[in-house]
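The structure under discussion appears below in the form of structure tokens.
The values are calculated or read from the model by the stated rules, or taken from the named source; none is laboratory data. Fair warning: this is a prediction, and the values are worked out from it, not measured in the lab. Heads up, the Cβs are rebuilt from the backbone with ideal geometry, glycines too, and the neighbour counts pull from every protein chain shown. Please note that ligands, DNA and RNA were not included when accessible areas were found on the heavy atoms of the full protein model with its side chains. Shrake-Rupley method; radii C 1.70, N 1.55, O 1.52, S 1.80 Å.
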Amino acid sequence: MAFVSPDGAMMAAWRQVESKLSEMVPNYGDMKERGKLFQLITRSEHFFPRDISGALQDLKKMRNEVTHVVDQGRIPRAEAAAEYVESCQALVEWLDEYRRSPAWESAVERLRLLLGSE
């Protein structure tokens, strides 16, 4: 798909990441809460390791840039889109594995406590 519709492939890949986050993070499926929760989970080492938080931020930033580039009538290169899709897929696999770990269980408890205090 990246070679047929590079921007579409990138958007679909990011939606897979967000879908996985929706499964993992309480209230992430709520569009009104998503932005705040994304900032919370990626700006603190209490939820994801620093490299994963950085990858999430970078991939989201690229997705946002692609949205603006496409709005201007430009299309990302197919090779870049293919790399982005692979990165998103690798991140989804990592998130799926991490979701089963004790580290994530305690992170979710911290998140619930934080959300309950707001």
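Given a Förster distance of 30 Å, report the FRET efficiency between Ser5 and Glu97 from their Cβ-Cβ distance, rounded to the nearest 0.05.
Details: r = 29 Å, r/R0 = 0.97.
Approximately 0.55, to the nearest 0.05.
With each pseudo-label sitting 7 Å past Cα toward Cβ, what's the Gln16-Leu114 distance in nm, one decimal?
About 2.7 nm, to one decimal.
Give me the distance in nm between label points sitting 7 Å out from Cα along the Cα-to-Cβ direction at Arg77 and Lys61, one decimal.
1.9 nm
Give the peptides 56-63, 5-12 in descending order of average Cβ contacts within 10 Å, highest first. Could the numbers behind the result be given before it?
Details: 56-63: 15.6, 5-12: 18.0.
For the peptides 56-63, 5-12, the packing ranking is 5-12, 56-63.
Rounded to a whole number, what % of the accessible area of the chain do carbon and sulfur atoms account for, probe 1.4 Å?
Values: 3650 of 7050 Å².
That share works out to 52 percent.
Figure the gain on full extension for Arg34 and Ala90 (residue separation times 0.36 nm, minus the Cα-Cα span) and round it to one decimal in nm. Please list the in-between numbers first.
Values: separation 56, 0.36 × 56 = 20.16 nm, distance 2.17 nm.
Result for the pair: 18.0 nm of gain on full extension.
Using only Cα atoms, what is the ratio of the radius of gyration of the chain to 2.2 N^0.38 Å?
1.12
Efficiency by 1/(1 + (r/R0)^6): what FRET value for Ser44 and Val70, r their Cβ-Cβ distance, R0 = 30 Å, to the nearest 0.05?
On the way: r = 32 Å, r/R0 = 1.05.
Computed FRET efficiency for Ser44 and Val70 comes out at 0.45.
If you count only protein heavy atoms with a 1.4 Å probe, what accessible area per residue comes out for the chain, rounded to a whole Å²?
On the way: 7050 Å² over 118 residues.
Roughly 60 Å² per residue, with all protein chains present.
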